[in-house]
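> Okay, handing you the structure first.
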Amino acid sequence: MNKIIRNGTIVTASETYQADLLIKDGKIAMIGSSLNEDGAEEIDAKGCYVFPGGIDPHTHLEMPFGGTVTKDDFETGTIAAAFGGTTSIIDFCLTEKGKPLADAVKTWHAKSKDKSVIDYSFHLMISEINDSVLKELPEIIKNEGITSFKVFMAYKNVFQSDDETLYRTLLAAKELGALVMVHAENGDVIEYLTKDALSKGKTEPIYHALTRPPEVEGEATGRAAQLTGLANSQLYVVHVSCKEAADKIAEARKKGYDIYGETCPQYLVLDQSYLEKPNFEGAKYVWSPPLREKWNQDALWNALRIGELQTIGSDQCSFDFRGQKDLGRDDFTKIPNGGPMIEDRFSILFSEGVVKGRISLNQFVDVTSTRSAKLFGLFPNKGSIAVGADADIVIFDPEIKRTLSASTHHMAVDYNAFEGMEVTGEPISVLVRGDYVIKNKQFVGTPGSGHYMKRAKYGQFSQKTDKTITIQ
Ligand code: URP
Ligand code: ZN
Ligand code: ZN
């Protein structure tokens, strides 16, 4: 059904203005005043912001990891995402050495197809580079529209790749028009530090953080950046947690390298002391890279504000406290790494970022939506409010105060990492391609209604060649 959203304040990455918005056939058909369309549903957005739907570029739904599988799948995870104001996600498709990449993509399609309530796409993990991988990559790009590859520099003997693989992936991406993503931590050094800690009887959750210090993240980030420069390629560093890593990205960008950095809400508002919570509760905060000393938060906010970091991902990777996190009760290395973040990403950034004056309203839209659309080949269809774009819209009340809690969240896990945190602002209604998924804070979507998004090649809307679209 066509819709007119009236009386709201439209916010994009560059503008804030009062206007009505006509949605026709799932697209934004017109923006203006006193719009009329026979039979259109009228939506009153008085007092609300009208944002482009959030784009979460970093999720792990139904992912096998740490001897178990993440609790949220494409149904529960995307419903929670929608409640939180996210209308598109890009999930990580894991591959296995020696097996066709296409098989892995098929597996991820099977996980998501009849479940997702919002639009979705995949990044492709690269664990090895050989003739058959090099032959398959152009087909994957052409057939699947997967234009971002992920290389892990950590998780030794699980996901970790060597530097040759990273370098050759950077070369291939340059040639094919893809963006390389890295999990930047030095996995070899972490392996040594964790064995050393365990040999001394240090088994509690806090040792997860102490055996992955900021230096191992800074070192890997700097190494990946240098290799990107050498390959004259492009790089996106996921989940930047500390000043050491953010500084390496800024340094490389100053040299003119095509490098971007993502941080996550957890690194902006939580700190290392959470891993010291008694009764094993610290395990709830075990993910990689780990939470850092609190002073890093200012450095990350500042990097976002001045554009040295560009996006916010959730790194959603949820495990129950009881039954999953407690696999590591006697050994922190057995605690599945990851946390439930998909639902609160957007609101935490608004409340802690905009309301507290750390980033502007337009920067909020840029980091939670527009920049990811540009980097990952979704713009201008996604990531903006403009005529012709998909009507992925969040009607957001900026005044509501509420408390984040597992008792009210929609993720499938038994705890919330931000339990008790008061935030200002809440998505009231969320539309994907013009259809309500959340209407007046109620879920009204349909599992399977989310569309798989084939993405454009890297570069069209990256920072170096930024283009604007015309609003008619
Ligand atoms: O601990 C985390 N971040 N789990 C998800 C996998 C990853 O490294 O992104
Ligand atoms: Zn990672
Ligand atoms: Zn991740």
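The values are calculated or read from the model by the stated rules, or taken from the named source; none is laboratory data. Note that the structure is a prediction, hence the values are computed from the model and not measured. Virtual Cβ from ideal backbone geometry, glycine too; neighbours counted across all protein chains shown. Heads up: the accessible areas ignore ligands, DNA and RNA and are worked out on the full protein's heavy atoms, side chains in. Shrake-Rupley method; radii C 1.70, N 1.55, O 1.52, S 1.80 Å.
> Limited to the range 360-403, what total is found for residues that are under 24 Å from Gly145 (Cβ atoms), out of contact with any strand residue (DSSP E or B) (no Cβ under 8 Å at 6 or more places or on another chain) and outside any loop (DSSP other than H, G, I, E, B)?
So the count comes out to 2.
> Another question about this same structure. For Ser148, are the conditions met, namely being farther than 25 Å from Asp271 by Cα, touching a residue at least 24 places away in the same chain (Cβ under 8 Å), within 16 Å of ligand 1 (Cβ to nearest atom) and more than 20 Å from the chain's Cα centre (by Cα)?
no
> Also, I was wondering about something else. Restricting to the range 160-211, give me the number of residues that are assigned to a helix (DSSP H, G or I), more than 24 Å from Leu327 (Cα to Cα) and within 16 Å of ligand 3 (Cβ to nearest atom). Walk me through how you get there before you give the answer.
Initial filter on the range 160-211 (assigned to a helix (DSSP H, G or I)): 163-176, 187-199, 206-210.
Remaining after also requiring more than 24 Å from Leu327 (Cα to Cα): 163-176.
If we keep only those that are within 16 Å of ligand 3 (Cβ to nearest atom) as well, we get none.
The total comes to 0.
Table: residues versus (1) more than 16 Å from ligand 2 (Cβ to nearest atom); (2) outside any helix (DSSP H, G or I); (3) assigned by TED's automatic domain parsing to the domain that holds Glu343.
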{"site": "Glu217", "(1), (2), (3)": "no, no, yes"}
{"site": "Gln226", "(1), (2), (3)": "yes, no, yes"}
{"site": "Tyr236", "(1), (2), (3)": "no, yes, yes"}
{"site": "Asn279", "(1), (2), (3)": "yes, yes, yes"}
{"site": "Lys284", "(1), (2), (3)": "yes, no, yes"}
{"site": "Pro289", "(1), (2), (3)": "no, yes, yes"}
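> With the checklist (1) more than 16 Å from ligand 2 (Cβ to nearest atom); (2) open to solvent by 10 Å² or more (accessible area, probe 1.4 Å); (3) touching a residue at least 24 places away in the same chain (Cβ under 8 Å) in hand, flag the one item Lys254 doesn't pass.
(3)
> Those residues that are surrounded by 13 or more Cβ atoms within 10 Å (Cβ to Cβ) and either within 16 Å of ligand 2 (Cβ to nearest atom) or not aliphatic (A, V, I, L, M) (or both), I need them from the range 95-105; list them, please.
Thr95, Glu96, Pro100
> Another one. Name the residue, out of Ile140, Ile126, that is in the same structural domain as Trp108 (by TED's automatic domain parsing), farther than 17 Å from Arg455 by Cα, β-branched (Val, Ile, Thr) and at pLDDT 95 or above.
Ile126
> For the range 283-300, name all the residues that are near ligand 1 (Cβ under 10 Å from one of its atoms), surrounded by 23 or more Cβ atoms within 10 Å (Cβ to Cβ) and under 17 Å from the mean Cα position of the chain (by Cα).
Within the range 283-300, Trp287, Pro289, Pro290 meet the criteria.
> Go through the range 239-277 and count every residue that is among the aliphatic types (A, V, I, L, M), closer than 20 Å to Thr221 by Cα and part of a helix (DSSP H, G or I).
The total comes to 6.
> Within the range 330-362, restricting attention to residues that are β-branched (Val, Ile, Thr) and surrounded by fewer than 24 Cβ atoms within 10 Å (Cβ to Cβ), which residue is nearest to ligand 3 (Cβ to nearest atom)? Working first, answer last.
First, the residues of the range 330-362 that are β-branched (Val, Ile, Thr): 333, 335, 342, 348, 354-355, 359.
Cutting the leftovers down to surrounded by fewer than 24 Cβ atoms within 10 Å (Cβ to Cβ) gives us 333, 354-355, 359.
On the way: Thr333: 18, Val354: 25, Val355: 27, Ile359: 23 Å.
Only one residue fits best here, namely Thr333.
> Criterion first (modelled with pLDDT of 95 or more, open to solvent by 20 Å² or more (accessible area, probe 1.4 Å) and part of a helix (DSSP H, G or I)) does Leu327 satisfy it? Outline the logic, then answer.
Details: modelled with pLDDT of 95 or more: yes; open to solvent by 20 Å² or more (accessible area, probe 1.4 Å): yes; part of a helix (DSSP H, G or I): yes.
Criteria met by Leu327.
> Any residue in the range 225-240 that's within 16 Å of ligand 3 (Cβ to nearest atom): show its pairings with residues that are aromatic (Phe, Trp, Tyr) and part of a helix (DSSP H, G or I) at Cβ separation under 8 Å, as long as the two are six or more apart or on different chains.
Taking only residues 6 or more apart or on different chains, the pairs are His239/Tyr267; Val240/Tyr267.
> List pairs: first in the range 182-200 and under 16 Å from Asn337 (Cβ atoms) and among the acidic types (Asp, Glu), second part of a loop (DSSP other than H, G, I, E, B) and within 16 Å of ligand 2 (Cβ to nearest atom), Cβ under 7 Å, 6+ apart or cross-chain?
Glu185/Met153; Glu185/Ala154; Glu185/Arg212; Glu185/Ser288; Glu185/Pro289; Glu191/Lys156
> Quick one: how many residues across the range 333-348 are away from ligand 2 (no atom under 16 Å from the Cβ) and either part of a loop (DSSP other than H, G, I, E, B) or among the aliphatic types (A, V, I, L, M) (or both)?
Residues that pass the stated criteria total 3.
> Hey, another quick one. Of the residues Leu94, Leu101, which is aliphatic (A, V, I, L, M) and away from ligand 3 (no atom under 16 Å from the Cβ)?
Leu101
> Let me ask you something else. Here are some residues: Asp56, Asp73. Which one is within 16 Å of ligand 2 (Cβ to nearest atom), within 30 Å of Asp397 (Cα to Cα), within 24 Å of the chain's Cα centre (by Cα) and of a type in the set (Asp, Glu)?
Only one candidate passes the filter, namely Asp56.
> From the set of residues in the range 301-316 that are crowded, with 24+ Cβ neighbours inside 10 Å and not in a loop (DSSP other than H, G, I, E, B), which is farthest from the chain's Cα centre (by Cα)?
Among residues in the range 301-316 that are crowded, with 24+ Cβ neighbours inside 10 Å and not in a loop (DSSP other than H, G, I, E, B), the one farthest from the chain's Cα centre (by Cα) is Leu304.
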